[in-house]
1. Provide TYR127, TYR164, TYR142, TYR42 in ascending order of the number of other Cβ atoms located within 10 Å of each residue's Cβ, fewest first.
2. Test of understanding: what is the full-extension gain from SER107 to LYS73, defined as 0.36 nm times their sequence separation minus their Cα-Cα distance?
3. Based on alpha-carbon positions alone, could you give the equivalent ellipsoid semi-axes of the stretch 118-166 from the gyration tensor, as √(5λ), descending, whole Å?
Amino acid sequence: MPNNLRIILTISILLLIFSSCKKETFSTSSNFRFSAFVDGVYFSADSAEGFLHIDTSSNFTMRTFMVIGFFDKATITAFSIDTINSFNLINANYSGWGGKTLEMTDSITGNVFNSNPVNSAIFNITYNDTMKKLVSGNFSGYILDSASTDSILISNGRFSNVKYFY
């Protein structure tokens, strides 16, 4: 299977898993923060969770990491995929690499906005506590409505002390 197809399939499966989860099933650290400006309006999440998936089924290791913020009327997901040969999450700057995506789902209308092209998003992991499984970082980028050409700017996206799991 070509690498691009494998990446797209992995992203689709992970998004399907997380989009079917209810907000109540997630646990957060007691002092987490997940916030962003969406077209200039400040959003602060009610809860947030991270997920690390490591795929070793091929001849290289593919890591996918996503962090999701749950808001009253939307969710924002920032994630990246890399092939760094490590079984741990590492601090990394994905702003110049095509393996990162930013997505927002409107919980009321069901509209999905995502970064397209994929490399229009910025996603950085700036701190990672592998013992407590807490991660911090930032994200930003333009996202597009999948049903139209409307674009939304997500800026100054930040997450800190978000609990993640495997």
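Bear in mind these aren't lab numbers, they're just calculated from the coordinates by the rules spelled out. Bear in mind the structure is a predicted one, so any value in this text is a computation, not a measurement. Heads up, the Cβs are rebuilt from the backbone with ideal geometry, glycines too, and the neighbour counts pull from every protein chain shown.
1. Values: TYR127 12, TYR164 21, TYR142 15, TYR42 9.
Arranged by neighbour count, lowest to highest, TYR127, TYR164, TYR142, TYR42 become TYR42, TYR127, TYR142, TYR164.
2. Details: separation 34, 0.36 × 34 = 12.24 nm, distance 0.51 nm.
Gain on stretching SER107 to LYS73: 11.7 nm.
3. Numbers: eigenvalues 154, 24, 14 Å².
Equivalent ellipsoid of the stretch 118-166: 28, 11, 8 Å, largest first.
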